[in-house]
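The values are calculated or read from the model by the stated rules, or taken from the named source; none is laboratory data. Computed from a prediction, not measured in an experiment: that's the story for all the values here. Methodologically, a virtual Cβ is constructed for each residue, glycine included, from the backbone with ideal geometry; neighbour enumeration extends over all protein chains shown. Surface areas here come from the heavy atoms of the whole protein model, side chains and all, with no ligands, DNA or RNA. Shrake-Rupley method; radii C 1.70, N 1.55, O 1.52, S 1.80 Å.
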Amino acid sequence: MIVVIGGGPAGFFAAITARTFRPETPVILLEKYNDVLRKVVISGGGRCNVTHDCHDPRELAKRYPRGGRELISGFHRFGPSDVANWFDDHHVPIKIEADGRMFPESDSSASIVEALLVSAQKIGVEVRKRCGVVGVQFNRDEGNFSVELDTGRNLECQQLLIATGGQTSGDGFGGLGMAADLGHGIQDPVPSLFTFKIQDSLLHDLAGVAVQEVAVKAVVPGLPKKGLLETGPLLVTHWGLSGPAVLRLSAWGARAMAEADYRFQLRIDWCPNLTHNDLGNLLTNWADDNGRKQVAQSPELGLPRRMWLALLQKFGIDRETKWAQFGKKNLARLVEKLKTTELEVTGKALNKEEFVTCGGVRLAEVDFKTMESRLVPGLFFAGEVLDIDGITGGFNFQSCWTTGFLAGKGMGE
Ligand SMILES: Cc1cc2nc3c(=O)[nH]c(=O)nc-3n(C[C@H](O)[C@H](O)[C@H](O)COP(=O)(O)OP(=O)(O)OC[C@H]3O[C@@H](n4cnc5c(N)ncnc54)[C@H](O)[C@@H]3O)c2cc1C
């Protein structure tokens, strides 16, 4: 018998795959809550960003701050096009958006959930809800596992998959406790994909303002001096900054930022596509041609007007000054400030769109051909319980489908 702990995407995909390869073996999936696939339901704002249109395994691996290298061979065996084909075969056509993210054509996560539920039912996976696991033991002599349930009962099985997801809060007995009890090392779990708390006058009253492209650098103690750099859209929130550039920084710097207690310096370049010289020339020409206009009238820098005015105020520049009176010294200072605005991050806030766990079961102790433990024969892992996490864009589900497939096949063969 095969027991799968965790009714998330990794557990479901592994259970379905295991039955596909070994239809005669009973597969039982245990979920502690009343609902399965809860994160899939809310994912991608209810649309479920199932994967990403990136088909070169090495390129795909670069989207994973942790686990990318280990996943490369798995992506060759079950990559984004296999995911799209699988859902297509289960009556859920998948579309690609302009930025590469892939969603069900229905734009509804319900179709992904239904495909998994129907497939599991048809193939004979027994799903037991409200069935939490509170203990696991391995009997080395007999080569089997004893799984202790919160109902007070026990299950015996020859193969056990832990797919209990990420774990950063004290959410009861999770997969990390089980893995540790069975002898596995754990990378301490900390959050990834969070937004930055910043209390700076610049951002007052700007909540909701988005800037198309900035370069954001995080200078975090413990990271290389040159800092982490990401380019992309930026969004001002009620408590600080968010947007793709910030979320990517939070993923790459997750551990160092946690160690710095989320206190570090952020340096923003508001004009990443212009060098200091180019920006200087652009502003000089603008000042020459628009001498009578006020500084409040910004040149074409791609910044929303409210942000431009707030930046002038932060830099101590009177917005009513005419460009003709602005002077070379002020202009040089403005260039300097626009290329590097320093803000202090004082904490993190939850990104409601998507968040994951950095840390989990140590990857060196898992064989990535089958996802079987290198320490305990018959024990398998899949999904976010592993020390794997990706940036936003469908990469976190992709690692669940890939590791779920490998584990299911590993258990089934
Ligand atoms: C709001 C939000 C939106 C997201 N959107 C996207 C997106 O669009 N695209 C993307 O790629 N990623 C997205 N993610 C990330 C993605 O949802 C996760 O990476 C993914 O769900 C992990 O799957 P999993 O199967 O490993 O774990 P989970 O989905 O966390 O499932 C684990 C399951 O195990 C159960 N469990 C835990 N402990 C026990 C126990 N002791 N006994 C029995 N059962 C147990 C849990 O109740 C849970 O149901 C999003 C995350 C969030 C929070």
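For Lys322 and Asn34 in the same chain, what is the full-extension length gain: residue separation times 0.36 nm, less their Cα-Cα distance, in nm?
Extending this stretch completely gives an extra 97.2 nm.
For Trp270, what charge total do you get from the other residues with a beta carbon under 10 Å from its beta carbon, if Lys and Arg give +1 and Asp and Glu give -1?
Every neighbour counted, the sum reads 0.
Taking the inverse of the average 1/r across all pairs of different Cα atoms in the stretch 194-352, what Kirkwood radius in Å do you get?
16.3
Find how many whole Å separate the alpha carbon centroid of the stretch 49-71 from the alpha carbon centroid of the stretch 202-234.
So the two Cα centres are separated by 23 Å.
Could you please report the charge total around His90, scoring K, R as +1 and D, E as -1 over all other residues with beta-carbon less than 12 angstrom from its beta-carbon?
Value of the local net charge: -2.
Within the accessible area of the stretch 190-289, what % is carbon and sulfur when the probe is 1.4 Å and the other protein chains stay in place?
Percent of accessible area from carbon and sulfur atoms in the stretch 190-289: 51.
Separation between the Glu114 and Glu142 pseudo-spin-labels, each 7 Å from Cα along Cα→Cβ, expressed in nm?
If labels sit at Glu114 and Glu142, their model points lie 4.3 nm apart.
Amide H to amide H under 5 Å from Val4: which residues, 5+ apart in sequence or cross-chain, H placed 1.01 Å off N in plane?
Ile28, Leu29, Leu30, Leu161
May I ask you to work out the translational diffusion coefficient for the chain at 25 °C, viscosity 0.890 mPa s, via Stokes-Einstein with Rh from the Kirkwood sum over Cα pairs, reported in whole µm²/s?
This corresponds to a translational diffusion coefficient of 106 µm²/s.
To the nearest 0.05, what FRET efficiency results for Ile123 and His238 with a Förster distance of 41 Å applied to their C-beta separation?
After rounding to 0.05, the efficiency reads 0.30.
When only DSSP loop residues count, what trypsin sites (Lys or Arg not before Pro) in the stretch 135-200 have their Cβ near at most 10 other Cβ atoms within 10 Å?
Hits after loop and neighbour filter: Arg140, Arg153.
When ligands, DNA and RNA are left out and all protein chains stay put, how many square angstrom of accessible area per residue does the stretch 194-352 have with a 1.4 Å probe?
52
Report the local net charge at Leu301: Lys and Arg +1, Asp and Glu -1, summed over other residues whose C-beta lies under 12 Å from its C-beta.
Once positives and negatives cancel, what remains is -2.
For the stretch 287-354 and the stretch 111-186, what is the separation of their C-alpha centers, rounded to whole Å?
Between the Cα centre of the stretch 287-354 and that of the stretch 111-186, the gap is 54 Å.
Under a cut-off of 28 Å between alpha-carbon atoms, report the lysines in cross-link reach of Lys348, not counting same-chain residues fewer than 8 places apart.
Within the straight-line limit of under 28 Å, Lys348 reaches these lysines: Lys39, Lys62, Lys197, Lys217, Lys225, Lys226, Lys314, Lys337, Lys339.
His90 to Arg69: extension gain in nm, 0.36 nm per residue of separation minus the Cα-Cα distance?
Contour length minus Cα-Cα distance gives 4.5 nm.
Given a cut-off of under 8 Å on Cα pairs at least six residues apart, what relative contact order in percent is computed for the chain?
The normalised contact order for the chain reaches 25 percent.
Reported to two decimal places, what Rg/Rh ratio describes the stretch 101-156 when computed on Cα atoms with Rh from the Kirkwood expression?
Across the stretch 101-156, the Cα-based Rg/Rh ratio is 1.20.
For the pair Arg153 and Glu336, what calculated FRET efficiency results from E = 1/(1 + (r/R0)^6), where r is the Cβ-Cβ distance and R0 = 56 Å, to the nearest 0.05?
Plugging the Cβ-Cβ distance into 1/(1 + (r/R0)^6) gives 0.25.
So if R0 is 22 Å, what FRET efficiency would Glu97 and Arg77 give, r being the distance between their Cβ atoms, rounded to the nearest 0.05?
0.30
Which of the GluC sites (Glu not before Pro) found in the stretch 51-108 are loop residues per DSSP with 10 or fewer other Cβ atoms within 10 Å of their Cβ?
Loop-located and lightly packed - none at all.
What's the magnitude of the charge dipole for the chain around its Cα centre, counting Lys and Arg as +1 and Asp and Glu as -1 at the beta-carbon? Answer in Debye, nearest 20.
1220
Taking only the alpha carbons of the stretch 229-288, what extent do you get along each of the three principal axes, in Å, biggest first?
Answer, in whole Å and largest first: 48, 23, 17 Å.
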